[in-house]
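In what follows, a structure is listed as structure tokens, so that the remarks can point back to it.
The values are calculated or read from the model by the stated rules, or taken from the named source; none is laboratory data. What you see is a predicted model; the values in this text were computed from it and never measured. With ideal geometry, Cβ positions are generated from the backbone for all residues, glycine too; neighbour counts draw on all protein chains shown. In case anyone asks, the SASA skips ligands and DNA or RNA and just uses the protein heavy atoms, side chains included. Shrake-Rupley method; radii C 1.70, N 1.55, O 1.52, S 1.80 Å.
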Amino acid sequence: MRFRLAAPSCVIPDRVGPNCRALSSMVGEVALMLLETRGCLEYDELDLPADLPGLGLGYHAHLPLDLPWKDGPAAVGDVIFALEQKIAFLRPRGYVLHPPEPGDLSGLLRHRPGLSSRLWLENTRERDLCELWDEIGALGLGVCLDVGHMVSYGQERVMDLPGFFERVRILHIYGGESERGHAGLGQLPDPNLLRDILLRLKGDETLVVEIFSLEELGRSLNLLRSWLLGWGMHHD
């Protein structure tokens, strides 16, 4: 088993470029946190400098939390396309998406069928993926398992969905979510739960340590590396 370790593109109070430079010695991949539609569509070369590919990092993107679903799937597809154009030079492997209302995914994929192999649906505080599972399967979509959301909001039932672990492509790992934000990995109630999850995967997935402070990210990465070593697992 060889997992890729990743971190979010917002661990210091600066633009994406300086964040990626700060992370380049810590992880092999960066999750571009494109969380706000308008602001991210307005990114310029100060945000996404042309020399970023030279850092030798892999990338994937977290799509905005405010996508215009109310305007219909075509509008959402157009926003995603515009963001894809903006980050194409970084060759992102895929996109994490917070789940919309039932039926909306099917509408999006009718408009943009090419997205199906690159979309990873995340279990969120509001939706644990259960009601969308048939749709996710029919569309052939992947899953981003947010372990912090799962343990914080009692979503363990997602692990019983048929074929769940075969669809997991990426994991968000941290100690849990509260009004104070994402806790460090040292706060994870039961690290053995994470071990048991990882043992059920293919072993080539990306593990995003979703911590938004450089200092705590460093501590949590060190802890995760020590756990993986103890569990006989490898990482890039």
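Name the one entry in ARG157, ARG169 that is of a type in the set (Lys, Arg), modelled with pLDDT of 95 or more, in a helix (DSSP H, G or I) and open to solvent by 20 Å² or more (accessible area, probe 1.4 Å). Can you show your working first?
Details: ARG169 fails: in a helix (DSSP H, G or I).
Of ARG157, ARG169, the one residue that is of a type in the set (Lys, Arg), modelled with pLDDT of 95 or more, in a helix (DSSP H, G or I) and open to solvent by 20 Å² or more (accessible area, probe 1.4 Å) is ARG157.
Pairs are defined by a Cβ separation below 7 Å, a sequence spacing of at least 6 or placement on different chains, a first member in the range 199-226 that is under 18 Å from PRO18 (Cβ atoms), and a second member that is assigned to a helix (DSSP H, G or I) and open to solvent by less than 20 Å² (accessible area, probe 1.4 Å); the pairs so defined are ILE211/LEU217; ILE211/SER220. For the range 62-113, which positions are of a type in the set (Ser, Thr, Tyr) and loosely packed, with under 15 Cβ neighbours inside 10 Å? Listed by number, the list holds a single entry, SER106. MET150 meets all of the listed conditions (1) assigned to a helix (DSSP H, G or I); (2) open to solvent by 30 Å² or more (accessible area, probe 1.4 Å); (3) closer than 27 Å to MET26 by Cα but one, namely (2).
Summed over the range 27-56, the residues that are hydrophobic (A, V, I, L, M, F, W, C), open to solvent by less than 20 Å² (accessible area, probe 1.4 Å) and part of a loop (DSSP other than H, G, I, E, B) give a count of 3. Selection of first residues in the range 34-48 that are of a type in the set (Asp, Glu) and of second residues that are outside any helix (DSSP H, G or I) and crowded, with 16+ Cβ neighbours inside 10 Å, restricted to Cβ pairs under 8 Å at least 6 apart or on distinct chains, gives the following pairs, ordered by first then second residue: GLU36/PRO64; ASP47/ARG15. Number of residues in the range 119-139 that are under 17 Å from the mean Cα position of the chain (by Cα) and in a helix (DSSP H, G or I) equals 1.
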